[in-house]
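Read-outs throughout are calculated quantities, based only on the coordinates presented, and are distinct from any laboratory measurement. Since this is a predicted model, take the numbers as computed values, not measurements. When we count neighbours, we look across all protein chains shown, and the Cβ atoms used for this are built from the backbone with ideal geometry, even at glycine.
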Amino acid sequence: MSRTSDEVVLFHVDELRTVSESILVAVGTPDDLASIVAGSLVDANLAGHDSHGVLRLPTYVAAVRNGQVIPAARPQFESLGGACGQVDGAWGWGQPAVHLATDHAIGLAATNGVALVSVSHCNHAGRLGEYVERIARSGQIGSIVCNSKPAVAPHGGYTRMLGTNPVAWSVPTPPGEPPVVIDFATSMVAEGKLKVARAAAEDVPAGALLDSQGRPTQDPSAFYEGGALMTFGGHKGYGMSVMVELMGGILSGSGPSCLPGYDNGYGTVIIAIDVDRFSPKPRFMAQVEAFCHEIRSAPPAPGFDAVLTPGEPEWRSRASRLDLGIEIPASTRKAIIDVAASLSLQLPW
């Protein structure tokens, strides 16, 4: 740990993993599950998505205390026949459940060419890009959708009716190249980005948020006072969000988030595709590599240093933060220290 300013503290990746694991174990998480969850949180920080990183630890502890998360619960896989399966997350940590589903999707796709695995009774599972990256590194195309608690207004409305409903997609690349990955909320910003902005006393982008009266605002606190997020791209993001509710929510059994009977979970559906069934893998990889090279060779527009392929910013962030450390806002550090103290843990911070 080193202090870079009054507002930011720099941590080595191993420090964050150790602290995260100790907090998770202290609330009753078995060591192996704590390692998965902590690894997921810190990997999000490494990838530059701090909204899904260790910032979440106080919220995760609160979820255990209020009974939302059963920390020792273990997910179970059930075959639904052929290329289909379902994981019951048992209301434990979401990351182990979605990791298990991802691994089964990869195996089923290798056998059947394609696979679909849903996850029920699932809590927050972190950054979806983590799972499709795993699929891409196995040489397959991956896709995942996930609905969540209402936080987003439908296009033309201003009350919370939809989840942030993220979508992620990946395509494998040759060894040594960053997988092509998209991972974004169908809201203009993810709810976790509001936490980051509020912790840093910063505004959110214009067009991302409405207050409780339906008025546009850039103050992240307005969301926590009854406001709602807006979908990206107006009706386009709205349409995608609706499809996530209907696919992720219903196929997983969680239900659409604005209907009675929704279980307050994260209805997750994973699809994996074995590219070798449709195109010989060497030829597929060569075309992907040629395409990415062509995209990166495009001249950058004013204000940009280079044209990057989707997933490349996370690749670069990971390399930089592994080398230089991860910047954590002082307010986030204090929140983690406070929650650790409430668990009778004394951190080396």
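For the chain, please report how many Lys pairs fall under 26 Å Cα to Cα, leaving out neighbours fewer than 8 apart on the same chain. Step by step, the pairs that qualify in the chain add up to 7.
Arrange the following residues from fewest to most other Cβ atoms within 10 Å of their Cβ: V114, V307.
V307, V114
At a Förster radius of 35 Å, what calculated FRET efficiency corresponds to the Cβ-Cβ distance of L246 and Q76, to the nearest 0.05? Taking R0 as 35 Å, the efficiency between L246 and Q76 is 0.85.
Would you mind giving the three semi-axes, in whole Å and largest first, of the ellipsoid equivalent to the stretch 1-157 according to its Cα gyration tensor?
Details: eigenvalues 159, 65, 63 Å².
Equivalent ellipsoid semi-axes, largest first: 28, 18, 18 Å.
For L345, what is the net charge nearby, where nearby means another residue's Cβ is under 13 Å from its Cβ and Lys, Arg count +1, Asp, Glu -1? Spell out each step's value before the answer.
On the way: positive: none; negative: E21, D338.
So the environment of L345 carries a net charge of -2.
Tell me whether the stretch 255-349 comes out rounded, prolate or oblate; compute the Cα gyration tensor, take square roots of the eigenvalues as a ≥ b ≥ c, and use a/c under 1.5 as the rounded threshold. The partial results should precede the final answer.
Details: a/c = 2.42, a/b = 1.39, b/c = 1.75.
Judged from the Cα gyration tensor, the stretch 255-349 comes out oblate (a/c at least 1.5, b/c at or above a/b).
Using Cβ point charges alone (K and R +1, D and E -1), the dipole size of the stretch 65-215 about the Cα centre works out to roughly 360 debye.
What is the distance in Å between the Cα centroid of the stretch 42-70 and that of the stretch 208-287? When both Cα centres are located, 19 Å separates them. Counting Lys and Arg as +1 and Asp and Glu as -1 over every other residue whose Cβ lies under 12 Å from the Cβ of R316, the net charge comes to -2. Farthest towards the positive end of the charge dipole of the chain, among the residues L16, S331, Y131, is the Cα of Y131, using unit charges on the Cβ of Lys, Arg, Asp and Glu.
So for D338, D276, D50, fewest C-beta neighbours within 10 Å to most, what's the order?
D338, D276, D50
If a/c stays under 1.5 just call it rounded; otherwise compare a/b with b/c (prolate if a/b is bigger, oblate if not). Do that for the chain, with a ≥ b ≥ c from the square roots of the Cα gyration tensor eigenvalues. Rounded, because the longest to shortest axis ratio a/c is under 1.5.
Classify the stretch 163-265 as rounded, prolate or oblate from the Cα gyration tensor: take a ≥ b ≥ c as the square roots of its eigenvalues, call it rounded if a/c is under 1.5, otherwise prolate when a/b beats b/c and oblate if not.
Numbers: a/c = 2.09, a/b = 1.22, b/c = 1.72.
Since a/c reaches 1.5 but b/c is at least a/b, the shape of the stretch 163-265 is classed as oblate.
Computed from the Cβ-Cβ distance with R0 of 51 Å, the FRET efficiency linking S221 to D323 stands at 0.90.
With charges only on Cβ, +1 for K and R and -1 for D and E, what is the dipole size of the chain about its Cα centre, in debye, rounded to 20? Mind showing how you got there, number by number?
On the way: 24 positive and 34 negative charges, 76 e Å.
With only Lys, Arg, Asp and Glu charged at Cβ, the dipole is about 360 debye.
Which order do the peptides 197-203, 178-184, 211-217 come out in when sorted by mean C-beta neighbours inside 10 angstrom, highest first? Kindly include the intermediate steps, with their values, before the conclusion.
Working: 197-203: 15.6, 178-184: 21.3, 211-217: 14.0.
My ranking of the peptides, most packed first, is 178-184, 197-203, 211-217.
Sequence-ordered 3J(HN,Hα) estimates for the stretch 90-97 from the Karplus curve with 6.51, -1.76 and 1.60 and θ = phi - 60° stand at 6, 6, x, 5, x, 4, x, 5 Hz, glycine and proline given as x.
Using the empirical formula 2.2 N^0.38 Å as the baseline, the Cα radius of gyration of the stretch 68-214 reaches a ratio of 1.18. Charge tally around H99: other residues with Cβ under 9 Å, Lys/Arg +1 each, Asp/Glu -1 each, net -1. With a simple spin-label model that places each label point 7 Å from the Cα along the Cα-to-Cβ direction, the separation between K236 and V307 comes to 1.8 nm.
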